[in-house]
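The values are calculated or read from the model by the stated rules, or taken from the named source; none is laboratory data. Note that the coordinates shown come from a computational prediction; the quantities given were computed from them, not determined experimentally. All Cβ positions, glycine included, derive from the backbone under ideal geometry; neighbour counts span all protein chains shown. SASA here: full protein model, heavy atoms, side chains in, ligands and nucleic acids out. Shrake-Rupley method; radii C 1.70, N 1.55, O 1.52, S 1.80 Å.
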Amino acid sequence: MIAQLEASPILPLERGAGPKESGIYALYHDAEVVYIGKASRETTKSKRDLRSRLNEHVGKIEGRQNIRLEKMHCRYLTFDSDWWVLAAEIAIIRYYEPVWNASGFGSKTPGKGRPGTSRVSKWDQQYPPLTG
């Protein structure tokens with residue numbers, strides 16, 4: 001079996017969402033798909049599962065202005081083979097073209113940390129960190 005037969009229902013994005021397995025996931029803001037990501041224990045350096053990856057996103061969103069976690073939802077699909085995770089993520093991103101995937105929301109902010117750059121991502125501009 002390559003994947004489970006059905007994806008999860010759309011669930012609130014909250015701590016503890018998702019299984020401790022590899023797979024792909026979609027984040028929804030106001031019922032619109034805004035981000036597609038993957039969690040692969042076997043094929044990525046981080047070795048994160050879906051639950052830990054979704055928890056990271058909860059933490060990032062909780063600490064931001066102009067967005068509320070209550071408006072966020074998620075859905076995921078697990079795979080028996082981590083290699084299918086990579087292919088599925090690429091295919092789903094190309095199909096949906098989610099706005100946050102090229103915004104700097106995920107773990108790789110374009111240009112961030114490179115010498116001579118102080119680049120602020122589109123996502124950080126739209127949803128700046130809360131000031132304490």
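Free of Cβ contacts under 8 Å to residues at least 60 places away in the same chain and hydroxyl-bearing (Ser, Thr, Tyr): which single residue out of Tyr96, Tyr28, Tyr35 fits that description?
Tyr28
Cβ-Cβ below 9 Å, separation at least six or inter-chain, first residue in region 70-90 and over 19 Å from Asn55 (Cβ atoms), second open to solvent by 80 Å² or more (accessible area, probe 1.4 Å) and basic (Lys, Arg): which pairs?
From residues that are over 19 Å from Asn55 (Cβ atoms), the pairs are Asp82/Arg41.
Please go through region 57-69 and pick out each residue that is open to solvent by 60 Å² or more (accessible area, probe 1.4 Å) and touching a residue at least 24 places away in the same chain (Cβ under 8 Å). So that I can check it myself, show each step before the final result.
Of the residues in region 57-69, the ones open to solvent by 60 Å² or more (accessible area, probe 1.4 Å) are 62, 65-66, 68.
Result: Gln65, Asn66.
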